[in-house]
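Report on the structure given below.
The values are calculated or read from the model by the stated rules, or taken from the named source; none is laboratory data. Since this is a predicted model, take the numbers as computed values, not measurements. Here the Cβ positions follow ideal geometry from the backbone for every residue, glycine too, while neighbour counts run over all protein chains shown. The protein model used for the area step is the full one, side chains on, heavy atoms only, and it has no ligands, DNA or RNA in it. Shrake-Rupley method; radii C 1.70, N 1.55, O 1.52, S 1.80 Å.
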2 protein chains.
Amino acid sequence: MSINEDNIKIIEGGICAVSGVETAGIKQGKYGVAIILSLDSNAAAVFTSNKVVAAPVIHTKEVIKDGKLSAIVANSGNANCFTGSHGIEDCEYIVEHTSKLINIPKDQIASSSTGVIGRKMPMDIIEPLIDKVSLKLTHSAEASTDAAKAIMTTDTHPKECAVEINIEGKPVRIGGICKGSGMIAPNMGTMLAYITTDAIIDSKYINIALKNSVSKSFNMIVVDGDESTNDTAILLANGKSNVEVVSGDIINKDFQKALDYVCINLAKQMVRDGEGANKFLEVNIKGASSPTDAVLASKSVVSSMLFKSALFGEDPNWGRIVSAVGYSGCEMDPNIISISIGNESIFEKPDSDKSVYLVKNGEILAFEGTDNLITAEKLMSSTDIVVDIDLNLSDGEATAWGCDLSYDYVKINGEYTT
Amino acid sequence: MSINEDNIKIIEGGICAVSGVETAGIKQGKYGVAIILSLDSNAAAVFTSNKVVAAPVIHTKEVIKDGKLSAIVANSGNANCFTGSHGIEDCEYIVEHTSKLINIPKDQIASSSTGVIGRKMPMDIIEPLIDKVSLKLTHSAEASTDAAKAIMTTDTHPKECAVEINIEGKPVRIGGICKGSGMIAPNMGTMLAYITTDAIIDSKYINIALKNSVSKSFNMIVVDGDESTNDTAILLANGKSNVEVVSGDIINKDFQKALDYVCINLAKQMVRDGEGANKFLEVNIKGASSPTDAVLASKSVVSSMLFKSALFGEDPNWGRIVSAVGYSGCEMDPNIISISIGNESIFEKPDSDKSVYLVKNGEILAFEGTDNLITAEKLMSSTDIVVDIDLNLSDGEATAWGCDLSYDYVKINGEYTT
């Protein structure tokens, strides 16, 4: 347990750190099912912007229209996408079946699927899993981990995060689980994220709060640039804390920061578990002409296959960095740009000896044979690499996260089932 | 020698297939220099749209403003990009030095560089190479190949193409060389292409003709999506054929087709030589709402890291194809789409037994265990893979080319010099 500078206390328990939440999950081979219960919650969701969407996305968009949910049923192993009318029927059956088992109206149950696209749902496997999971629902840290495991596909470990903050002396909690390691992309990849909170927040503001956090977290990570058909992030607020986090049309800043924290923490966990990833990359932009430009520049660098390959090869190839900024579409002038590389942000610690400028105000400091280049090459051997880029134009800022491109990415995606 | 359906005769000789063109090239380790002479030519060029551009791109944009060129000097091994004022001085020196050696005014000499970004030009290596090359200029097929070799970087072989057409009974020739295998991207990658012709075509129309061809060729190939700082395609027309190819404000269709042919042929050679590429991918779109939409869809599929990995793994993963179309930004409806895969275009040969439908009018024909999927899996073992996608919306068409994503791509770009 630790408390960071924003007075956010990191706690255990994942989605079950939040009172009133029950869950369970079972993973059986490549298939898995999780059910999450948070009765009478206000709910918001963000979905993929791919024009091809899975049956459960179509379903969840419909049931969340009234801003209310009590449960989520999710499966891994099959994405139930591009499966035609069969897929819609299978999704409806899953929700109806779950509805009967847990005794919750079907219009209060969201659903998700993740896995292979374009294959019929193996209902003979999924249905018995739902039956078993429905009998195991409990409020415990273990249950949250089980649920996180049940939704994994090529993930190598479950992903959870939970925090507590104090609002006017009263504790408010936020917990989350997610899965995702391939197809992590601009505007989200094949990722599922379920976040619970005991805050009181109404339908209008829960949407705003979730979108604020998603724009800084799940939308700022890139593994391969492919955008999934199934991406779904859902926030459930059951009000059990009796703390209202909106007053006078303004969302409490500490609550928003805590929600940002949970989403960014989960997003970073996904990138660290990126398919075949050996290195974790953070790219901070400042001095951009606008926040939008900063987003373009940061995402372009974390998406560059050439820089991702250089990262794998531990090569501080700032030429590829500046080139990626140059084609990002952001306003930029190579004659005034500054670029540093290392293991921590030079923006945050200007005197850091764990980061070094390669280019400063347009002047190249890392030609062959220079101390700066030699230092940079040494720093590249670490797992965590931070690139800071100051465009020196205005005050637009953004941070994006990514990973290297390794042999294993190709192996995993070349061999992943047909 | 062969003649295709458009009466385009394929001939030998590269840029020297065109009378009046002299060239030479020397490759020495990773460095190389080529000089191309085509006196008093009308000239057009297309450049990278990256905001970071190399010194020779700045230079060539300036000298080509009057639409006239007599020579090109190009080097490989160093891109002379992001090299500050040193870079501009080095580029000017290269052009001045070449000007003296070959006795052509420096404002009639274009220049290009390709190789590592952000390193000072090794003038002690490049200058002696220019001296030697300037003494070897000849009009021969061997010289064209030498020039094509001299500009190679990670290319594994030189790339040339030449054709002859008849316009009102008189022969007109077009020849080209190019280099490029990494950073091949939308809007061109680190590619250099030099095309010569003996046609008479004035400054206005030579620009239109080149842009027409580039939009169908170099702009439709993708290896890794990174866009280079140095891309340059130059067309030189010296008029030696005495055949005017523009009449009444219209570019002769056979000339445009022949120029398209040379550019597409060179572009395909680049993709086939894509870094680490084992497979060649052609994606044909028809039925798009607009030509622009067709371009978006075709480029999205050839750029998808997931489908490129599937290609490497010989997996006919149409789920990834339809997903890539879905996030491309083009208008599409998964319920009416048709997708085929194989070794030749089903659009061209509807009865082909070397291609098979995976999805037809939204109906999935390639579920597990189906004959179509089994056939598709067999066809994937070939080197050349063609994907035809009919969006069934309107009449927009486009073709893009790409390659698989292999271990070797990562190896080449992870280890390519810092």
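Numerical summary
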item: Residues (more than 8 Å from chain A (Cβ to nearest Cβ) and either surrounded by fewer than 21 Cβ atoms within 10 Å (Cβ to Cβ) or farther than 16 Å from B:Glu282 by Cα (or both)) located in the range B:315-329; result: B:Ser328, B:Gly329
item: Single unsatisfied condition, A:Tyr31 versus (1) open to solvent by 10 Å² or more (accessible area, probe 1.4 Å); (2) hydroxyl-bearing (Ser, Thr, Tyr); (3) over 30 Å from B:Ile364 (Cα atoms); (4) touching a Leu at 6+ places or on another chain (Cβ under 7 Å); result: (3)
item: Those strands (runs of 3 or more DSSP E) lying entirely in the range B:9-60 with at least 3 residues among the polar types (S, T, N, Q) and under 21 Å from B:Val214 (Cβ atoms); result: B:31-47
item: Pairs with Cβ under 6 Å, 6+ apart, first in the range A:354-370 and more than 11 Å from chain B (Cβ to nearest Cβ), second of a type in the set (D, E, K, R); result: A:Lys354/A:Glu344; A:Ser355/A:Glu344
item: All positions within the range B:232-268 that are closer than 30 Å to B:Cys81 by Cβ, in a helix (DSSP H, G or I) and open to solvent by less than 10 Å² (accessible area, probe 1.4 Å); result: B:Leu259, B:Val262, B:Cys263, B:Leu266, B:Ala267
item: Test: residue in the range A:159-176 that is assigned to a helix (DSSP H, G or I), modelled with pLDDT of 95 or more, open to solvent by 10 Å² or more (accessible area, probe 1.4 Å) and within 20 Å of A:Ser70 (Cβ to Cβ); result: no
item: Candidate set from the range A:330-360 (those that are surrounded by fewer than 17 Cβ atoms within 10 Å (Cβ to Cβ) and over 26 Å from A:Ser382 (Cβ atoms)); member that is farthest from the chain's Cα centre (by Cα); result: A:Asn335
item: Residue pairs meeting the criteria (Cβ under 6 Å; at least 6 apart or on separate chains; first in contact (Cβ under 8 Å) with a residue 12 or more places away in the chain, in the range B:240-261; second among the aromatic types (Phe, Trp, Tyr)); result: B:Val245/B:Phe255; B:Val246/B:Tyr205; B:Ile251/B:Tyr205
item: Residues within the range B:283-301 that are closer than 17 Å to B:Val271 by Cβ and within 13 Å of chain A (Cβ to nearest Cβ), tallied; result: 3
item: The one condition in (1) more than 8 Å from every other protein chain (Cβ to nearest Cβ); (2) at pLDDT below 95; (3) open to solvent by 10 Å² or more (accessible area, probe 1.4 Å) that A:Phe312 fails to fulfil; result: (1)
item: Residue satisfying all of: in the range B:216-249; of a type in the set (Val, Ile, Thr) and under 29 Å from B:Gln108 (Cβ atoms); nearest to the other protein chains (Cβ to nearest Cβ) among these; result: B:Thr229
item: Set A:Thr153, A:Thr190: member being in contact with an Asp or Glu (Cβ under 8 Å, 6 or more places away or on another chain), assigned to a loop (DSSP other than H, G, I, E, B), within 14 Å of chain B (Cβ to nearest Cβ) and buried (at least 18 other Cβ atoms within 10 Å of the Cβ); result: A:Thr190
item: Residue in the range A:116-136 that is surrounded by 22 or more Cβ atoms within 10 Å (Cβ to Cβ), at pLDDT 95 or above and of a type in the set (Asp, Glu) present; result: no
item: Verdict on B:Leu373 being open to solvent by 10 Å² or more (accessible area, probe 1.4 Å), of a type in the set (A, V, I, L, M, F, W, C) and more than 22 Å from the chain's Cα centre (by Cα); result: no
item: Output for the range A:269-296, where each listed residue is under 13 Å from A:Thr383 (Cβ atoms), assigned to a helix (DSSP H, G or I) and open to solvent by 10 Å² or more (accessible area, probe 1.4 Å); result: A:Arg272
item: Candidate set: the range A:107-128, residues that are more than 30 Å from B:Pro316 (Cα to Cα) and in contact (Cβ under 8 Å) with a residue 24 or more places away in the chain; chosen: the one farthest from the other protein chains (Cβ to nearest Cβ); result: A:Gln108
item: The range A:376-408 - residue that is part of a loop (DSSP other than H, G, I, E, B) and surrounded by 22 or more Cβ atoms within 10 Å (Cβ to Cβ) and, of those, farthest from the other protein chains (Cβ to nearest Cβ); result: A:Leu391
item: Odd one out for A:Glu89, checked against (1) touching a residue at least 24 places away in the same chain (Cβ under 8 Å); (2) more than 24 Å from the chain's Cα centre (by Cα); result: (1)
item: Among (1) at negative phi; (2) within 14 Å of chain A (Cβ to nearest Cβ); (3) modelled with pLDDT of 90 or more; (4) buried (at least 24 other Cβ atoms within 10 Å of the Cβ), the one test that B:Asn80 misses; result: (1)
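Okay, residues lined up against (1) closer than 16 Å to B:Lys136 by Cβ; (2) open to solvent by 70 Å² or more (accessible area, probe 1.4 Å):
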{"residue": "B:Asp6", "(1), (2)": "no, no"}
{"residue": "B:Ile11", "(1), (2)": "no, no"}
{"residue": "B:Cys16", "(1), (2)": "yes, no"}
{"residue": "B:Gly25", "(1), (2)": "yes, no"}
{"residue": "B:Ser41", "(1), (2)": "no, no"}
{"residue": "B:Ala44", "(1), (2)": "no, no"}
{"residue": "B:Val63", "(1), (2)": "no, no"}
{"residue": "B:Lys68", "(1), (2)": "no, yes"}
